[in-house]
Each structure stands twice: as structure tokens, then as C-alpha cells.
Amino acid sequence: MSPASPAPVSPDTCPHELRPGTTVCLRCRREARRASRARLRRTLARLVAVAVVLGGISALVVRFRPRPGETTLVATGALPVDSAADSSAAQGAGAITTAARVREAGGQVGTTSGGEVDAAAAATPSPSRSDSVARSEGARTSVTGPASIIPEGRTELGEGVFAVRQGGTVTVTFDTPSTRTRRRDKFERVLRETLPRVFGAVGDSALHRNQISDLLGDLDLVTEIAPRGLRLSIPDGRTLAIWPGTRPGRDGPLVVSYRAILH
């Protein structure tokens with residue numbers, strides 16, 4: 001792409017010495033051409049800078065976009081039926097339950113080889129759709145939402161405390177004078193303050209379901225609890241595993257972080 005030819009400079013405005021009869025100064029034309037090319041380079045540089053900024057913004061948006069598995073996870077009181085064999089077993093269990101109800105009512109129920117209830121079972125009143133929906137809602141636990149509510153990377157929690165998420169592992173660091181500790185009760189307080197902010201409803205459920213003071217017991221936080229970790233059960237059957245992290249201190253090792261994984 002070549003710049004447009006500059007307009008000829010009249011002899012009256014030309015600073016160079018022109019010979020008699022010369023109407024166009026080649027030096028002026030050369031300088032005008034150089035100036036035009038410089039303006040073109042500056043314009044291209046601005047366009048490249050704008051493109052780089054827009055590309056960086058697009059990369060950040062893609063990086064921090066919520067994943068589908070983190071927005072659709074809803075834990076229930078029963079494990080999901082994922083395979084055809086589990087589905088068949090669930091249907092068979094339903095048929096047996098229906099037959100037992102009819103026998104309690106004084107009726108006779110037979111089943112075919114496929115596990116289907118015959119016409120005698122059909123006389124048993126079936127629950128209404130609203131009752132089924134109510135039982136389904138009742139089976140749900142308080143654990144709703146993704147395993148961790150913080151994005152990948154570092155998240156500041158305030159007052160020098162921060163969390164770093166790498167995949168399914170979250171590390172919370174609290175290496176400040178008011179939070180690092182060797183005491184069990186102080187570590188329990190840190191867990192109660194940070195778990196709900198990192199795991200949301202999962203953290204709340206784990207704290208309500210488990211007595212952390214009983215799990216800690218009389219064990220030493222640094223030498224006994226840190227190597228073996230803690231296991232907090234959740235109503236949906238999962239377990240929140242926590243390992244305290246230590247660093248050397250003036251009077252011995254100090255607990256300054258913990259690593260948590262939801263199994």
C-alpha cells in the first residue's frame with residue numbers, strides 16, 4: 001500500500017533554491033512523501049494496539065467464564081441412576097414396593113418375569129403428580145451449586161487472606177499475625193470463616209453437619225492433624241477433605257494455610 005502522491009509545492013513556498021524555469025521542487029516532493037509514510041505508520045501502530053487490547057479482553061472473558069458443570073450441579077439425597085443396569089434395578093425396586101403396599105391392603109399381586117405388576121396391582125391408588133413432586137423436592141438436600149464458588153486462580157478474601165483454585169483443589173492461605181496459629185480452636189475459627197466463602201452451600205452444609213472440635217479432639221494441630229488431615233461429610237454422600245499447611249516459625253512450625261478437595 002503506497003501513500004498518495006503529495007501535492008506539488010509552488011516555488012513561492014519552497015525553501016530550496018530553484019533554477020530558472022523549474023516549477024516543481026523534487027526535494028519538497030520527497031519530504032512530503034516521507035511525511036505521508038510516517039503518518040501511515042502511526043495509524044497502523046494505533047490499529048495494532050487496539051487489536052491487542054481487544055484480544056486480551058476476549059481472552060480474559062473466556063478464561064473466567066463459568067463452566068457448564070459448575071452451574072448445573074444439584075446434589076440430591078440419592079445417587080443418580082447413570083446406567084441401564086441401575087435403571088432396571090430401580091424399576092424392579094418400585095414394582096416390589098407397589099406389591100408390598102397392595103398386600104398390606106389385603107389384595108393379591110403377581111409380577112411378570114420382566115418385573116411389571118399385573119392387573120391386581122393396578123387397582124391400588126397411585127399417588128398424584130403433586131405428591132410425587134413433593135417427595136422429589138423433599139429428597140433434595142441443602143447442598144446446591146458447584147463444588148467451589150470461586151474462579152480459577154487467586155481470589156482475595158480480605159485482611160491478607162486469599163484462596164487459590166487449581167481445578168478441583170482450593171488452597172486458602174492465612175499467613176497473617178492474627179490468623180496463623182498452632183491452636184486447634186483458632187484453626188477451627190479460620191475454617192468457619194473461610195469455607196462458606198470458598199465452597200458456598202457445600203461449605204455451610206459441611207460445617208453444620210460436622211462438629212470440627214470433635215474431629216480435632218486432643219490431637220496436636222501441627223504434628224498430628226496436619227499430616228493426616230480432616231474429613232467433613234456432606235449430606236449428598238461426598239466428603240470435603242482438608243489438610244492444614246505449615247511453615248517454619250520462630251518457636252516451631254505454624255499452620256498458615258489449608259488445602260481442600262471435594263471427593
Segments 229-239, 209-219 sorted - mean Cβ within 10 Å per residue, highest first: 229-239, 209-219
Nonlocal amide H pairs with residue 169, under 5 Å, H built at 1.01 Å: none
Simple spin-label estimate for residue 250 and residue 60 in nanometres, 7 Å along Cα-Cβ: 4.1
Label-point separation, residue 231 to residue 39 (7 Å along Cα→Cβ), nm: 7.6
Residue 149 accessible area, assembled protein chains, probe 1.4 Å, Å²: 90
Separation in nanometres of the label points that stand 7 Å from Cα toward Cβ, at residue 186 and residue 218: 2.2
Net length gained if the chain between residue 211 and residue 259 were fully extended (0.36 nm per residue, minus Cα distance): 15.4 nm
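The values are calculated or read from the model by the stated rules, or taken from the named source; none is laboratory data. On a predicted model such as this, the values are computed, not experimentally measured, just so you know. Virtual Cβ from ideal backbone geometry, glycine too; neighbours counted across all protein chains shown. Keep in mind that these areas ignore ligands, DNA and RNA; they rest on the heavy atoms of the full protein, side chains included. Shrake-Rupley method; radii C 1.70, N 1.55, O 1.52, S 1.80 Å.
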